[in-house]
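One structure is given here, and the rest of the page talks about it.
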Amino acid sequence: MGKQKKARKYATMKRMISLRDQRIKQTERAKSNMKKKADPSAIKEREVPQYPSCLFFQYNTQLGPPYYILVDTNFINFSIRAKLDLVQSMMDCLYAKCIPCITDCVMAEIEKLGQKYRVALRIAKDPRFERLPCTHKGTYADDCLVQRVTQHKCYIVATVDRDLKRRIRKIPGVPIMYISNHRYNIERMPDDYGAPRF
C-alpha cells in the first residue's frame, strides 16, 4: 500500500472569528452600525466655499499693471522654440509692465530636464524673473500653480499645457496666456485691461 496523495488546496483562507462574536470581550467587539434617523426639524448646515472679495462675478478687480505672470515649464521651452523673448513678448501682448514669476517647483522641473534644456534654465534664472518659494511637499508644478492661483487671484498663468489650462479654466477670474502664431495671446482677460482681442 502506497502513501495516499493529499490534494493541495489553493486560495484557502484561515477562518477568522467575526468581530461581533459573543466570545470576544465587550470592549474589543465591533460596534453595530445602527443608523440614526435624521431629525427633520434640525437645521441643515452646508459647507459653502467662501467667494473671494476681489471678484465681481467673473471680473477680477485684483488684476492690473504691473501684471504678475506665473510661468510654466513648457511655456519657457515653447518660447525658446518660437524664438520669443519672454518679457518683451509679454509686454507686447498686454501693453503694460509684466513681471514673470517662477515657483520653486517649476525651477526644479527645469533642472530635472537636464542638459538639453540648459537654455531654459538660464532664462529662468534671469534677474527680471521673480522667484516664489514653495512650502508644500513634492515638486509637481501643475498642482503648485493651481493651488497658488486658487489662493491668490492676482496672477496670470502662462502655459501651453492643455490639462493645466483645463484645470485653470474652472477657477474664475484667472486669465491664461498661451502661444499661438509665434506670439503670445491671452484668454479670459477683461476688456478694459488693454489685452488685444482676436
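The values are calculated or read from the model by the stated rules, or taken from the named source; none is laboratory data. Keep in mind it's a predicted model, so treat the numbers as computed, not measured. Neighbour counts run over all protein chains shown; Cβ positions are idealised from the backbone, glycine included. Keep in mind that these areas ignore ligands, DNA and RNA; they rest on the heavy atoms of the full protein, side chains included. Shrake-Rupley method; radii C 1.70, N 1.55, O 1.52, S 1.80 Å.
When the charge dipole of the stretch 89-182 is built from unit charges on Cβ atoms (+1 for Lys and Arg, -1 for Asp and Glu) and taken about the Cα centre, the candidate among HIS182, PHE129, ILE110 whose Cα reaches farthest toward its positive end is HIS182. Packing here is the average count of other Cβ atoms within 10 Å per residue, and on that basis the peptides 101-112, 120-131, highest first, run 101-112, 120-131.
Computed on the stretch 71-187, the Cα convex hull volume stands at 102 Å³ per residue. Within the chain, what whole-number % of the accessible surface is contributed by carbon and sulfur, with the 1.4 Å probe and all protein chains included in the calculation? Percent of accessible area from carbon and sulfur atoms in the chain: 53. DSSP bridge analysis restricted to the chain gives an antiparallel fraction near 35%, rounded to the nearest 5. The antiparallel fraction among DSSP beta bridges confined to the stretch 71-187 stands at about 45%.
So how tilted is helix 141-151 from the main axis of the chain? Cα-based, degrees 0 to 90, rounded to 10. Relative to the chain, helix 141-151 is tipped by roughly 80 degrees. Expressed per residue, the C-alpha convex hull volume of the chain stands at 320 Å³. Computed about the Cα centre, the dipole magnitude for the chain is approximately 2400 debye when only Lys and Arg (+1) and Asp and Glu (-1) carry charge, each at its Cβ. Within the chain, the cysteines lacking any other cysteine Cβ closer than 4.7 Å to their own Cβ are CYS54, CYS93, CYS98, CYS101, CYS134, CYS154.
Each 10 Å bin, from zero up to the one with the longest distance, holds this percent of the alpha carbon pairs of the stretch 48-94: 20, 37, 25, 16, 2. Cα-Cα over 27 Å: which of LYS37/LYS170; LYS112/LYS153; LYS83/LYS116? Correct reply: LYS37/LYS170; LYS112/LYS153.
In the context of the full set of protein chains, the chain has a per residue accessible area of 76 Å² (1.4 Å probe). The spacing between the stretch 69-98 and the stretch 107-147, judged by their C-alpha centroids, is 15 Å. Across ALA141, ALA38, ALA158, mean-square fluctuation computed from a Gaussian network of the chain (C-alpha pairs under 10 Å connected) peaks at ALA38.
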